């Protein structure tokens, strides 16, 4: 057995109202998120001892990211909070793929799907560190487990392409393996 790593668990977001217009997206530079569940109980004293009444599951869900310059999705999330729009959230474990025997979910990853509202939007512009954004969520219902599609674009929001060490000719492209390169 191998220990799970937090770096493998990421969040994807989308406004529910945009489900027909765009795929879910990953906020760049996610640093951490917390997803806890609790159930309230109420104790009633009886002659035979206390009995418990169990309430509904509630979530303590928050996410922290370092803001990327020019990221327009951040404003979309702020607008979602201000206008009480439902946000879809996928918590995906990139280390847990669907079994090869599961043809329907081949190539997908284990995940949990949530719908909820943004209830907290906090920027932390510390003078010594990068600008952090912390979001807190109020989740509707109970998260649903399943398998999630994760495209290369979603998984590697800030990852750049490989470049070789040779000089790139002007106008030939990015310098990756697809561009024409000039060796010395």
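Readers should treat all values here as calculations from the given coordinates under stated rules, not as data from a laboratory. Computed from a predicted model, the values in this text were never measured in an experiment. We place every Cβ from the backbone using ideal geometry, glycine too, and count neighbours over all the protein chains shown.
Per-peptide packing, taken as the mean over residues of other Cβ atoms within 10 Å, places 65-75, 84-94 in the sequence 84-94, 65-75 from highest down. For Cα extents along the principal axes in Å, computed directly from the structure shown, the correct entry in (i) 77, 36, 29; (ii) 91, 48, 36; (iii) 73, 30, 25 is (ii). The residues 57, 9, 39, when put in order of fewest to most other Cβ atoms within 10 Å, stand as 39, 57, 9.
Across the stretch 15-166, Cα pairs under 8 Å and at least six residues apart give a relative contact order of 23 percent.
Projecting label points 7 angstrom from Cα along Cα→Cβ for residue 126 and residue 45 puts them 4.9 nm apart.
Computed packing ranks the peptides 44-54, 145-155, 129-139 as 129-139, 145-155, 44-54, most packed first, by mean other Cβ atoms within 10 Å. With an a/c value of 1.5 or above and a/b larger than b/c for the gyration tensor axes a ≥ b ≥ c computed over the alpha-carbon atoms, the stretch 56-147 is described as prolate. Averaging Cα coordinates gives a centre for the stretch 1-66 and one for the stretch 70-90; these two points are 18 Å apart.
Taking the helices alone, the chain has a mean residue ellipticity at 222 nm of -2000 deg cm²/dmol, built from -39,500 (n - 2.57) per DSSP H run of at least 4 residues and averaged over all its residues.
Relative to a virtual label point 7 Å from the Cα of residue 119 in the Cα→beta-carbon direction, which members of the stretch 57-83 show backbone nitrogen distances below 12 Å? Under 12 Å, as judged by backbone N against the label point of residue 119, lie 58-62 of the stretch 57-83.
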